[in-house]
1. Evaluate the range 147-223: find the radius of gyration of its Cα atoms, find its Kirkwood radius, and give the ratio Rg to Rh.
2. Per-residue HN-Hα couplings for the range 293-306, Karplus 6.51 cos²θ - 1.76 cosθ + 1.60 at θ = phi - 60°, whole Hz, x for Gly and Pro?
3. Quick one: if you stick a label point 7 Å off each Cα along the C-beta vector at Asp190 and Thr20, how many nm between them?
4. Mind pulling up the Rg/Rh value for the chain? Radius of gyration and Kirkwood radius, both on Cα.
5. What is the spin-label model distance, in nm, from Glu335 to Arg180 if the labels are put 7 Å beyond Cα along the C-beta direction?
6. Taking θ as phi - 60°, what are the ³J(HN,Hα) couplings along the range 16-31 by the Karplus curve (6.51, -1.76, 1.60), each to the nearest whole Hz, with x for Gly and Pro?
7. With just the Cα atoms of the range 1-119, tell me how far they stretch along each of the three principal axes, in Å, largest first.
8. Between Asp201 and Ser161, what FRET efficiency comes out of the Förster formula 1/(1 + (r/R0)^6) with R0 = 22 Å and r the beta carbon distance, rounded to 0.05?
Amino acid sequence: MGTFPDFPKSCKSQLCAHLTPEIYQALQGRSTVNGFTIDDAIRSGVENIDSGIGVYAGDLESYTLFATLFDPIIESYHGFRQSDTHQSNLNPDDLQAPNPDPEGEYILSTRIRVGRNVADLPLGPAITKAQRNKVESEVSAALNSLTGSLSGSYYSLGDMSEEIRKQLIEDHFLFKAGDRFLESAGLNRDWPEGRGIYHNDEKTFLVWINEEDQLRIISMQQGGDILEVFTRLTTAISEIEKRVPFSYSEHLGYITSCPTNLGTAMRASVHIKLPKLAADMEAFKAITDRHHLQIRGIHGEHSESEGGIYDISNKRRLGVTEVQCVQDMVDGVAELIATEKSL
Ligand code: ADP
Ligand code: ARG
């Protein structure tokens, strides 16, 4: 039996906001079919007091077995209640996305990714080494059967030279190693075995295998043609879905290890240069808040901006469709560019 964590007063995570001794006590002694417990679910937030969220799921069952903790966190992050249902819409025809920067003055690149996990398997925090290796071999084989502009090659992390690995990270194509939040969640066990990246020659279509989620399906390219990026992504998703069954729930949509990614599991972002707006972060944040957008640094989550370049992406992922996620980003970016121009 674990003991109730001793959170310092400074802790601002969703975990310390919502975990009470009563809830913790009631969840003690429970274990999912994959042996995942409440102590496993909260370890990352307990070991990383600066977490924003602080919890991970070990499997689909974690979301119901530990619902007294997960539900209020999900509601607080996504504004999505227990009684709400999620709906998916991956139809590019429904997206209104003329290039917000046709002259290419502000947007450096566009990237849209979704997380996916394989149905009826534990998620990364509870997966065994053998299961993870099987995911790698089956998913990479499925990807290797893609044709046309999606055809490419799979590169396993263990076989990759340090030089190539570093270059892929520097060029924004590959995940970093050693994330301490993932480490505490058990997501880095047996590293680098079972992890890798698939991509086409142009590196406009990429799939990460066995990072935070078993698949991260990515479409990206230079410039601001967001519709083209979304269209490539949706084509890829439907091709992969024909070959790999994804974990999906009527209530929570696509199932991911972190509750922030549930639903669409989609993050649509631009790298955008806004040096004037950056001098007035209050005005900048007022626009991003209005459009439900998140500001990240240039090297992804937990990184800083460089040279007035920011990563701007949708924050909502659950209870909104994929089209709406991208629309939030498109509309917000259009307003950001208009404001930057006026300054
Ligand atoms: P994720 O998007 O999977 O949640 P990160 O925020 O860590 O994870 O980003 C992963 C990588 O993708 C980082 O190298 C980041 O710089 C890169 N990236 C994100 N958005 C863009 C973009 N619009 N253009 C180019 N690279 C991007
Ligand atoms: N667990 C980390 C935290 O609580 C990250 C949460 C969101 N990011 C993610 N990559 N899932 O701050």
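The values are calculated or read from the model by the stated rules, or taken from the named source; none is laboratory data. Computed from a predicted model, the values in this text were never measured in an experiment. Backbone-built Cβ (ideal geometry, glycine too); neighbour counts: all protein chains shown. In case anyone asks, the SASA skips ligands and DNA or RNA and just uses the protein heavy atoms, side chains included. Shrake-Rupley method; radii C 1.70, N 1.55, O 1.52, S 1.80 Å.
1. Result for the range 147-223 is an Rg/Rh of 0.97.
2. Whole-Hz 3J(HN,Hα) from phi for the range 293-306: 10, 10, 10, 10, x, 6, 9, x, 4, 6, 10, 9, 6, 10.
3. Modelled inter-label distance: 4.0 nm.
4. Using Cα coordinates only, the ratio equals 0.95.
5. Reported label-point gap for Glu335 and Arg180 is 3.5 nm.
6. Those phi angles translate into 6, 5, 10, 8, 9, x, 5, 4, 4, 4, 5, 8, 5, x, 8, 8 Hz.
7. Extents along the principal axes, in whole Å: 59, 34, 25.
8. Using R0 = 22 Å, I get an efficiency of 0.70.
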